[in-house]
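Below: one structure, written as structure tokens.
Read-outs: derived from the displayed coordinates by stated rules, not from any lab. Bear in mind the structure is a predicted one, so any value in this text is a computation, not a measurement. A quick note on method: Cβ atoms are made from the backbone with ideal geometry, for glycine too, and the neighbour counts reach across all protein chains shown.
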Amino acid sequence: MAASQLTLLRAKLVGRWTLVSFETVGDRDVEYPIGRDVSGVIVYGEGGDMAVQIMQANRSIVASGDPSTATLSELSAAVNGYVAYFGTYSVDEDARVVTHHVRGSLFPNWVGTDQRRTIVLEGDQLTLDSPPILSKGAMRIFRAVWKRTP
């Protein structure tokens, strides 16, 4: 492949994308791990930085208004309704895969890991699929569908 073709997919990722849907796909079903009503953003920078935020809409608020005095139940609900991490990224043009090199994450097990996502890019819609990931005791593919934000 020519050098200009090698950067084509990476160049198309650069920018801000708004979440359309977030689901998990199993052998026989589709689930919505934080509900159907979600919002989020993923940003790919030209310099190679990336960040993603996904949240369940209408999450319960902390009654005290002070995160340092939230109950364990309130904190658990907040964390279970939110996905967030940041780091850098690289693109394998031939495999159509983006790898997120995680430097920080709400889920501490992901810090220092590489999160691979297959890319399907159709017009202004980006679909990212994870490899199978353990979720609720079963291996599931996490699928996030994004729309380019102008």
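Numbers below:
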read-out	value
Rounded FRET efficiency, nearest 0.05, which uses the C-beta distance separating V25 from V79 and R0 of 22 Å	0.45
Distance in nm between pseudo-label sites at R96 and D114 (7 Å out along the Cβ direction from Cα)	2.1
Per-residue Cβ neighbour rank within 10 angstrom, fewest leading, S130, S21	S21, S130
Qualifying chymotrypsin sites (Phe, Trp or Tyr not before Pro) in the range 31-109, DSSP loop, other Cβ atoms within 10 Å at most 14	none
Gaussian network model of the chain, springs between alpha carbon atoms under 10 Å - residue of P132, P33, P108 with greatest fluctuation	P108
Residue order, fewest to most surrounding Cβ atoms within 10 angstrom, among M50, M139	M139, M50
Potential extension, Q125-T71 segment - 0.36 nm per residue separation minus Cα distance	15.5 nm
Likely footprinting exposure, L128, L19, L75, fewest C-beta neighbours within 10 Å first	L75, L19, L128
